[in-house]
Amino acid sequence: MRKKHEKYERLIAAAREKAPLATAVAHPCDETSLQGALEAAEAGLIVPILVGPKEKIAAVARSLKADISRFEIVDVSHSHAAAEKAVELVRLGKAELLMKGSLHSDELLSAVANRETGLRTARRISHVFVMDVPAHPQTLFITDAAVNIAPDLMAKRDIIQNAIDLFAGLDLGTPKVAILSAVETINPSIPSTIEAAALCKMADRGQITGGEIDGPLAFDNAISMEAARIKGIKSPVAGQAQILVVPNLEAGNMLAKNLSFLSKADAAGIVLGARVPIILTSRADNVRTRMASCAVAMLFAHRRRVTEPVRV
């Protein structure tokens, strides 16, 4: 039997070999979000800067019997202000990562996407689930299942490039990217098959770089060599996909949650396309998943230190 969650354990172990990064934690005002930040700090992954109502954070720490005296607390009055202040700390170069606390994802991402005061780049912001499925040999990246509801062709180009850059930034090599649909043939009645074909041609022309891309592929022949063989699909990606690009948010969300609840997979979450990686955890995440989310963001940020100049 394959050791459960060994893929996450390798990521976390690799992250522990590097220096922890200052991380602005926006509104860690419930036990789950504060404990997640403190556990990541204890593991040597981040140095949290706690941004939110100071008294509320202190009360949560007391309920956890946790000592937060060694961590900086930036006192603001409410969650909206916490999102804005956490983003500001990144803009000022005081933090290299941004982490969601007990506020809604939309509230944090709205501050990130602000054209004047946010962390926008020329790239579309997108989300990647880095999934450790115990019964599957590959680490699966699923995108986008949390940010872009119905992305158009050019948004999908950025979504794919973000995921490829993350895969390479984690030293996982050159990824095999499957653009998913319901079928593996072009069907004008299924728009996602047309988009998949266009995206593959964009990759041929250098508009998407760094990965092997094929599509449309159905989920079965994207991850199963046997399914690809039976259907006669000859492709360097079919049966071996590591990045799964879904047609829309609904499909991605259902796929990720099916794997989580039926296959006992863990789903680390990270948002890309901003100036820094954004750790986007869920209240339902276990400790291992929260650690993996921090490890993925931290490893990617360290890689970007080498390949990109620091912007403040």
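A few notes on this one:
- Each residue in the stretch 86-96 was checked for being in a helix (DSSP H, G or I) and in contact (Cβ under 8 Å) with a residue 40 or more places away in the chain, and 5 pass.
- Any chance I159 is among the hydrophobic types (A, V, I, L, M, F, W, C), touching a strand residue (DSSP E or B) at 6+ places or on another chain (Cβ under 6 Å) and assigned to a strand (DSSP E or B): no
- Residues located in the stretch 177-196, provided they are buried (at least 16 other Cβ atoms within 10 Å of the Cβ), under 26 Å from the mean Cα position of the chain (by Cα) and of a type outside the set (V, I, T): A178, L180, S181, S192, E195, A196
- Boolean, V133 is under 22 Å from D220 (Cβ atoms) and crowded, with 24+ Cβ neighbours inside 10 Å: no
- Scanning the stretch 185-231 for residues that are of a type in the set (V, I, T) and touching a Lys or Arg at 6+ places or on another chain (Cβ under 9 Å) yields I208, I213.
- Test result for A297, at pLDDT 95 or above and closer than 19 Å to Q161 by Cβ: yes
- Residues of the stretch 199-217 classified as surrounded by fewer than 16 Cβ atoms within 10 Å (Cβ to Cβ) and of a type outside the set (D, E, K, R), total: 3
- Residue match in the stretch 61-70 (condition: buried (at least 20 other Cβ atoms within 10 Å of the Cβ) and either in a strand (DSSP E or B) or outside the structural domain of L299 (by TED's automatic domain parsing) (or both)): no
Results for (1) among the charged types (D, E, K, R); (2) over 26 Å from H302 (Cα atoms), shown as yes or no for each residue.
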| residue | (1), (2) |
| --- | --- |
| A150 | no, yes |
| P175 | no, no |
| A182 | no, yes |
| R205 | yes, yes |
| E212 | yes, no |
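- Filter pass, E9 being at pLDDT below 90 and among the acidic types (D, E): yes
- The lone exception for N258 - which of (1) within 18 Å of D158 (Cα to Cα); (2) not in a loop (DSSP other than H, G, I, E, B); (3) not β-branched (V, I, T) it fails: (1)
- Residue count for the stretch 261-305 under the criterion of being assigned to a helix (DSSP H, G or I) and surrounded by fewer than 19 Cβ atoms within 10 Å (Cβ to Cβ): the result is 9.
- For the stretch 218-241, a tally of residues being in contact with a Gly (Cβ under 9 Å, 6 or more places away or on another chain), buried (at least 21 other Cβ atoms within 10 Å of the Cβ) and either in contact (Cβ under 8 Å) with a residue 24 or more places away in the chain or outside the structural domain of T174 (by TED's automatic domain parsing) (or both) returns 4.
- Test: residue in the stretch 136-144 that is hydroxyl-bearing (S, T, Y), modelled with pLDDT under 95 and in contact with a helix residue (DSSP H, G or I) (Cβ under 8 Å, 6 or more places away or on another chain): yes
- Qualifying residue in the stretch 41-55 (condition: closer than 21 Å to S105 by Cα, in a helix (DSSP H, G or I), of a type outside the set (K, R) and in the same structural domain as A295 (by TED's automatic domain parsing)): no
- Scanning the stretch 271-294 for residues that are modelled with pLDDT under 95 and among the β-branched types (V, I, T) turns up T281, V287, T289.
- If the condition is being of a type in the set (S, T, N, Q) and either farther than 22 Å from D132 by Cβ or in a loop (DSSP other than H, G, I, E, B) (or both), then the stretch 222-253 contributes S224, S235, Q240, Q242, N248.
The values are calculated or read from the model by the stated rules, or taken from the named source; none is laboratory data. Bear in mind that the values here come from a model prediction, so they are computed numbers and not experimental data. Positions of Cβ are generated from backbone atoms using ideal geometry, with glycine treated the same way; all protein chains shown enter the neighbour counts.
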